[in-house]
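Notes follow the structure.
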Amino acid sequence: MEYIVLDLEWNQSADEAGENEALHFEVIEIGAVKLNQERQIIDTFSQLIRPQVYPQLHKITSHLIHLQSHELDQGRTFPEVAREFLDWCGKDFIFCSWGLQDLTELQSNMAYYEMEPLSDGPIRFLDVQKLFSLAFEDGKVRRSLEHAVDFLQIEKDIPFHRALEDARYTGKVFAAIGDEKILERYSFDLFHPPRSREQEIKVTFDTYEKYISRVFRDKQEAFGDREVVSTKCYLCHRNIKKKVKWFCPKGKHYYCLAYCEKHGYLKGKMRIKRAENGGIYVVKTTKLISEQEAEQIRQRKET
């Protein structure tokens, strides 16, 4: 298997009046590096794209990536470049990117041009920004690519904020992560969330379990589903009783507290997300916690 480290640059409308509701961000450059199993760069891809939706470069975009509109006029259309890029990727690979947005915007642009989707469900990929935090920091903070390059003392021999250059730097950061266990902490792009129970995702990592539900009509239907609201110990796979039922302290995340007689307290955390084409789906994580953390959840519920 090979790794495709992807980076995109995109443009947007200069004002709300000119924004196209069907495409908020238009991809204007695709850059990528291909890594072998040893995480060595073996090939590169770089193409400019002639914009069709937002032909005028936003001033911030132009300043950030050091491109002018006349340079993009020499590029080809998005469908042409995207097809060439996907052919270049090959068959046996996994996408990698710095953060969560690149793969989503690639698919958003493909959908706008009615191209065949990359997948009819979630796509597993490696978020190198998250992996860097897991390997070298607390696993929660999210740093800039340049911060990671400086931290790892990688030579800054090319400028940032162009697609191929940022893909190269991301590939070098990725190659510097030595703990193979961390590379198992993959992410899911949910531009196309599960549409059936068979497509639902349940995966166990070293310290937690993640569940991604199918799309429901609304929150009421989701909370009527037994799998959505259940609490199970991901170590012994038994249904366990809740000590604190699901509650929502701030309107964004739901929490619950359960207890496994064999392994102790588990915290459930649930996020409700809107699907691109209507409806909602649930992302639920379950992890073991200490008695002190369990008490904090109880106090939070009471508050």
**Prompt:** Given 0.36 nm per residue, what is the gain on full extension from Glu21 to Leu100 after removing their alpha carbon distance, in nm?
**Reply:** 26.3 nm
**Request:** Work out Dmax and Rg for the stretch 1-77 from the C-alpha atoms and quote the Rg first, both in angstrom.
**Result:** 14.8, 48
**Distance in nm between pseudo-label sites at Cys236 and Arg195 (7 Å out along the Cβ direction from Cα)** = 4.0
**Request:** Please work out the ratio of the alpha-carbon Rg of the stretch 180-303 to 2.2 N^0.38 Å and round it to two decimals.
**Result:** 1.07
**Message:** Can you order the peptides 265-272, 212-219 by their average number of other Cβ atoms within 10 Å per residue, highest first?
**Reply:** 265-272, 212-219
**Request:** Kindly sort Arg195, Arg76 by accessible area of their heavy atoms, largest first, with the probe set to 1.4 Å.
**Result:** Arg195, Arg76
**Accessible area (Å², per residue) of the chain, counting only protein heavy atoms and a probe of 1.4 Å** = 54
**Request:** Go through 41-49, 62-70 and give me the packing order, highest mean Cβ count within 10 Å leading.
**Result:** 41-49, 62-70
**Message:** Using a Förster radius of 25 Å, what is the FRET efficiency between Ser69 and Ile154 based on their Cβ-Cβ separation? Nearest 0.05, please.
**Reply:** 0.20
**Message:** Can you compute log10 of I(q)/I(0) for the stretch 1-159 with the Debye formula, treating each Cα as one identical point scatterer, at q = 0.10, 0.11, 0.16, 0.18 Å⁻¹?
**Reply:** -0.40, -0.49, -1.04, -1.27
**Message:** What distance in nm lies between label points placed 7 Å from Cα along the C-beta direction at Thr207 and His147?
**Reply:** 1.8
**Prompt:** Counting other Cβ atoms within 10 Å of each Cβ, which GluC sites (Glu not before Pro) in the stretch 140-187 have at most 16 and sit in a DSSP loop?
**Reply:** Glu155, Glu180
**Fill in**
With the label point 7 Å along the Cα-to-beta-carbon line of Glu261 and a cut-off under 17 Å to each amide N, the hits in the stretch 219-233 are 232-233
**Asked** Does the stretch 168-218 classify as rounded, prolate or oblate by the C-alpha gyration tensor (a ≥ b ≥ c root eigenvalues; a/c under 1.5 gives rounded; else a/b over b/c gives prolate, otherwise oblate)?
**Response** oblate
**Message:** Just to make sure I understand: if all protein chains stay in place, what is the order of Tyr254, Tyr259 by accessible area at 1.4 Å, largest first?
**Reply:** Tyr259, Tyr254
**Request:** Measure off, as a whole percent, the carbon and sulfur share of the 1.4 Å-probe accessible area of the stretch 101-259, all protein chains present.
**Result:** 45
**Request:** For the stretch 1-20 and the stretch 105-129, write down the distance between their C-alpha centroids in whole Å.
**Result:** 12
**Asked** To the nearest whole percent, what portion of all C-alpha pairs in the chain is separated by more than 29 angstrom?
**Response** 45
**Fill in**
Taking the square root of 5λ for each eigenvalue of the C-alpha gyration tensor of the stretch 93-159, the equivalent ellipsoid has semi-axes, largest first and in whole angstrom, of 28, 15, 9
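The values are calculated or read from the model by the stated rules, or taken from the named source; none is laboratory data. A quick note: this is a predicted structure, and the numbers were derived from the prediction, not measured. Virtual Cβ from ideal backbone geometry, glycine too; neighbours counted across all protein chains shown. Areas reflect the complete protein model, heavy atoms only, side chains present, ligands, DNA and RNA absent. Shrake-Rupley method; radii C 1.70, N 1.55, O 1.52, S 1.80 Å.
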